[in-house]
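Input: a single structure, listed below in structure tokens.
The values are calculated or read from the model by the stated rules, or taken from the named source; none is laboratory data. The model shown is predicted, which means the values in this text are computed figures rather than measured ones. Here the Cβ is made from the backbone with ideal geometry for all residues, glycine too, and neighbour counts use every protein chain on show. Just the protein is used for accessible areas: all its heavy atoms, side chains included, with ligands, DNA and RNA removed. Shrake-Rupley method; radii C 1.70, N 1.55, O 1.52, S 1.80 Å.
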Amino acid sequence: MSDISHNDIRRVDPTSLMVFLALMRHRKGTVAALELGLTQPAISHSLKRMREVYGDPLFLRRSHGLEPTALARDLEPKIREIIHLIGQSLAPSAEFIPSDAIAQFRLGAFDFELTTILPALVARLRQHAPNIAIHSFQIANEQALDALRDGQLDMLVGYLERTWRDDPSMVQSHLYSETYVAVARRCHPLLAGPFTWEEFARADHLQVSPSGPKRNIIDHALQLEGLSRNVRTIVPSLFSALAVLQQTDLIGTLPKRVAAQHAERFDLAFRPLPMTGRAFDLHAVRHMRDARNAMHQWMVDQIKAAASDVPDVERA
């Protein structure tokens, strides 16, 4: 669009458009002024501006009133639609009724959150909003921020890096605080009782990471003790990790809610790690453009409720 077009757009205000439509209806400036509560000079000024912008007289004076030109007749439905859209933008948002809503909601999360929160969330939607379909994506934090910005995701559930927490374009809703626990097959000697960092570090470890070796708060805690994990196996997903732990002597480090939910099914046990103050927070994150979206806010409430349904116990 050229610079002159930008200038012309700035010269067309809603009042001038409403004056134009009133003149199309009544064909008399005095009647249009009365309808809009404007003075006759104001009507004349608006019409003059429209004539200058469109380079056309728009209305010709006749004995019976104003006669629209061909361009004015062509403009009328377009300008009527513009005024209608402006009115819609000013109208209060329609009330969101979950049971009546028909939508697809795109949710991004890591494997842990998808296997814990997602089942409870889907169950709640089936009960309260059966026509909202969930399309979930397993996506890493590095990609998720861009996906939210580009409108490829509606919401992300997961742990926020500091750069996320400081991003003003993201709206964050706290879900719960989580801690890691050591997970292994039942009767594993390390889990017979409380253990030290040294005993933990000497064990053979399994790590869950879809993108290869990656340090987390457990590795940082071990580093402060001058220790490191002896990682023997890396798997990309939670269920492969649970299956491996069930059949080996490896030790896994998983979020406590994950362990509590799946320990009995995979015949596993878990114990707290020998550290305090190492909890991390899970958030539901959406873009600022959806901050006032009624459906998105309702979904945040449902995700919070689903998170509270996930078991949270010390050991199975």
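DSSP H helices in the chain with Cα extent of 20 Å or more along the helix axis and mean Kyte-Doolittle hydropathy at least -0.5? Write out the running numbers ahead of the final one.
Numbers: long enough: 40-54 (21 Å, -0.76); 70-90 (31 Å, 0.19); 111-128 (25 Å, 0.26); 294-309 (23 Å, -0.19).
Length and hydropathy pass: 70-90, 111-128, 294-309.
Under a straight-distance cross-link criterion of Cα-Cα below 30 Å, which lysines are reachable from K78, leaving out those fewer than 8 residues away in the same chain?
Answer for K78, where 30 Å is the Cα cut-off: K28, K48, listed by chain and number.
Whose amide H sits under 5 Å from the amide H of F59, counting only residues 5 or more places off or on another chain, with H placed in the peptide plane?
Here the answer is T69, since their amide H atoms fall under 5 Å of that of F59.
Using only C-alpha positions, report the orientation-averaged shadow area of the convex hull of segment 194-264, nm², one decimal. Mind dumping the intermediate values first?
Numbers: hull surface 19.7 nm².
Directional mean of the projected Cα hull area for segment 194-264 stands at 4.9 nm².
So how many Å³ per residue does the convex hull of the Cα atoms of the chain work out to? Don't jump to the answer; show the numbers that get you there.
Working: hull volume 58.1 nm³, N = 316.
In the chain, the Cα convex hull volume per residue is 184 Å³.
Looking at the P(r) of segment 99-250, how many percent of alpha-carbon pairs lie beyond 25 Å? Intermediate results must be reported in sequence, preceding the final value.
On the way: 4982 of 11476 pairs.
Of the Cα pairs, 43 percent sit more than 25 Å apart.
Across bins of 5 angstrom width beginning at 0, how are the C-alpha pair distances of segment 15-110 distributed, in whole percent?
2, 11, 19, 18, 14, 7, 4, 5, 6, 6, 4, 2, 1, 0, 0
A133 versus K304, label points 7 Å from Cα toward the beta carbon: distance in nm?
My value for the distance between the label points is 2.9 nm.
Short version: what are the Cα gyration tensor semi-axes of segment 171-316, square root of 5 times each eigenvalue, largest first, in whole Å? Mind showing how you got there, number by number?
Numbers: eigenvalues 186, 59, 42 Å².
Ellipsoid semi-axes (Å, largest first): 31, 17, 14.
When the Karplus curve 6.51 cos²θ - 1.76 cosθ + 1.60 is applied with θ = phi - 60°, which whole-Hz ³J(HN,Hα) does each residue of segment 171-176 get, with x for Gly and Pro?
So the J values, rounded to whole Hz, are 9, 10, 10, 5, 9, 6.
Taking R0 as 22 Å, what's the FRET efficiency between Q104 and H174 from their Cβ-Cβ distance, rounded to 0.05? It would help to have the intermediate numbers written out before the result.
On the way: r = 26 Å, r/R0 = 1.17.
Result of the calculation: an efficiency of 0.30.
For K214, list the lysines whose Cα falls under 21 Å from its own Cα; do not include residues on the same chain fewer than 8 positions away.
K256
Taking a 1.4 Å probe, which of D204, D150, D219 shows the most accessible area, and what order do the others take after it?
Values: D204 65, D150 110, D219 20 Å².
Accessible-area ranking of D204, D150, D219, largest first: D150, D204, D219.
For segment 258-272, what does the Karplus curve 6.51 cos²θ - 1.76 cosθ + 1.60, with θ = phi - 60°, yield as ³J(HN,Hα) per residue in whole Hz, taken in order and with x for Gly and Pro?
5, 4, 5, 6, 10, 4, 5, 4, 9, 6, 10, 10, 8, 9, x
Given H placed 1.01 Å from N in the peptide plane, which residues other than close sequence neighbours of A263 have an amide H under 5 Å from its amide H?
Those qualifying (amide H under 5 Å, at least 5 residues apart or on another chain) number zero.
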